[in-house]
Amino acid sequence: QFPFGRRLPCDIYWHGVSFHDNNIFSGQVNKFPGMMETVRKITLSRAMRTMQDLFPLEYNFYPRSWILPEELPLFVAEVRVMKDSDPSWKPTFIVKPDGGCQGDGIYLIKDPSDIRLTGSIQSRPAVVQEYICKPLLVDKLKFDIRLYVLLKSLEPLEIYIAKDGLSRFCTEPYQEPTLKNLHQVFMHLTNYSLNIHSENFIHSDSVNTGSKRTFSSILCRLSSRGADVKKLWSDIISLVIKTIIALTPELKVYYQSDIPSGKPGPTCFQILGFDILLMKNLKPMLLEVNANPSMRIEHEQELSPGVFENVPSPVDEEVKVAVIRDTLRLVDPQKKKRKDAQGNICLCLPCPKGFTEFPCSYREGMKDKQHKHHSLKLSLKLKFYLKLGSCLRLEHVPESSESLLDAVPAERPEPDAARSPEAGLPSLCLKQVFPKYAKQFNYLRLVDRVAALFIRFLGVKGTTKLGPTGFRTFIRNCKLSNSSFSMAAVDILYIDITRRWNSMGIDHKESGMCLQAFVEAFFCLAQKKYKSLPLHEQVLSLIEFCECHLAALDEKRLLWGWG
């Protein structure tokens, strides 16, 4: 561990919570800059709403959402209209604090008037969503799925999904929400951190039983009942790809700010936790995305009142060890070079905060500096030996050898083993889904192209907001102003939209137009220019119009340079 960062270069840096180190100039980091902010409940809801505006049918896997406090009047009005049009409609809504985690602050309501407005909503904004009242039940219990997704690369986009996940169960039999049971969290909320405090919570040594099980065990059960498991997996893969596509525009803005192109900097990858709920008809619904999914493979067991002990959790170990092991295999920087020579892999842990789930020890096994070893204990049974001057070794530690926590020099492998260090490992648990299925989803990446225009006109490297001059330059270079849309009107559009977004309390660290505000302005321009088309065709037409003019401008500048 390096509590204050590390100045010497490494190939892999494993941060505890978020990307925060500006002194990394090479290698790979296990966090993307801005990911924490991008998957917050409000930011995620805004990104999903943008995609729902463009492609309503493709993004119907995310519940209808409103952002509090600014959309409270809209929420009240829309619910009233829906109730008036359908008197039999008796909805339930779930309120989630923006910065909350582990079920903190979540509650259910039957009417907008039930929202708790006691001052906290202003200081702690939230998202209110339609509650999914008809979930799939197993053993009469509601459950959700935690799937692990590896975002290996942002440009080009590369996504992997773990072949297995966790199913986390409520601990009281489910009933549809009523005024009497709204407050029964063990019935309605699947959060592990809440249900573990229930007297009905069952710790099991089997992956098929208990209050936490493998997702594969649920699939086997569904398959035995005749459910179309292949279609379910296909729908989940589609959900994950579409969600990442919705998040990448914002991520790219943060990425170019922290790691400007043309300057030395690391590449990034990140393991995300997708929380998914299955409806009764097996339709998957996205609940949220977690930037820092727990990788803990043990749980607390109360030995006597107030005395707790950490004991292994076979279910967590089954899924999480494979995810981390195979993530490191996929990002191994020496994989391509291994045919020519063995490489050098180090693992650096600059941030101990929030790092309790990865106990780490640094040992000097021998006095000779050439034989120092880093030992990273990622689980009770899995140890990654990272030896300076040798390729990555991954070794399973048998249960009888749990005491072997210190790194010891490995015996020199036979020549064949050296050439194939992964020969003794299981097959990858991570399945590539993008770019493998890119052809099916690339048409959805419109906001990505809008973000590319935004980034082009940011001007000063390291910023995330567009100033008025940059916006005017965008309008001029793309030839969007004319007699009916003057530059004065351009300035008014910029001021109105920017002021409104800034009043929402987005990011006040720097002034200017954020990406979300630019996207709104771009949609507005598209609707002005192409009035008769559906929104996604309007936006696509304007993107192609802008890209065409900018390509011609670049070509002209290139010719001027040659001249």
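The values are calculated or read from the model by the stated rules, or taken from the named source; none is laboratory data. A quick note: this is a predicted structure, and the numbers were derived from the prediction, not measured. Backbone-built Cβ (ideal geometry, glycine too); neighbour counts: all protein chains shown. Calculation scope for accessible area: heavy atoms of the full protein, side chains included, ligands and nucleic acids excluded. Shrake-Rupley method; radii C 1.70, N 1.55, O 1.52, S 1.80 Å.
Overview of values
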item: Subset tally (residues that are of a type in the set (G, A, S), assigned to a loop (DSSP other than H, G, I, E, B) and open to solvent by 40 Å² or more (accessible area, probe 1.4 Å)) for the stretch 283-325; result: 2
item: Residue in the stretch 103-126 that is among the acidic types (D, E) and crowded, with 16+ Cβ neighbours inside 10 Å present; result: no
item: Residue in the stretch 282-291 that is more than 22 Å from Y160 (Cα to Cα) and modelled with pLDDT of 95 or more present; result: yes
item: Residue satisfying condition, being open to solvent by 60 Å² or more (accessible area, probe 1.4 Å) and in contact (Cβ under 8 Å) with a residue 24 or more places away in the chain, within set E510, E547, E555, E537; result: E547
item: Members of the stretch 519-528 that are surrounded by 16 or more Cβ atoms within 10 Å (Cβ to Cβ), more than 19 Å from P56 (Cα to Cα) and over 29 Å from the mean Cα position of the chain (by Cα); result: L525
item: Residue count, the stretch 463-485 (criterion: open to solvent by less than 40 Å² (accessible area, probe 1.4 Å), touching a His at 6+ places or on another chain (Cβ under 8 Å) and in a loop (DSSP other than H, G, I, E, B)); result: 1
item: Some residue of the stretch 486-500 being assigned to a loop (DSSP other than H, G, I, E, B) and not assigned by the TED database to the domain that holds Q52; result: yes
item: Residue that is modelled with the lowest pLDDT, among those in the stretch 474-518 that are aliphatic (A, V, I, L, M) and under 30 Å from the mean Cα position of the chain (by Cα); result: I506
item: Selection from the stretch 423-453 of residues that are among the small types (G, A, S) and assigned to a strand (DSSP E or B); result: none
item: Criterion (farther than 19 Å from L444 by Cβ and either open to solvent by less than 30 Å² (accessible area, probe 1.4 Å) or at pLDDT 90 or above (or both)) met by exactly one of L239, L277; result: L277
item: Test: V81 is outside the structural domain of A517 (by the TED database), open to solvent by 60 Å² or more (accessible area, probe 1.4 Å) and more than 22 Å from L446 (Cα to Cα); result: yes
item: Residues satisfying the stated conditions in the stretch 435-456, i.e. within 20 Å of the chain's Cα centre (by Cα) and open to solvent by less than 50 Å² (accessible area, probe 1.4 Å); result: A438, F441, L444, R445, L446, V447, D448, A451
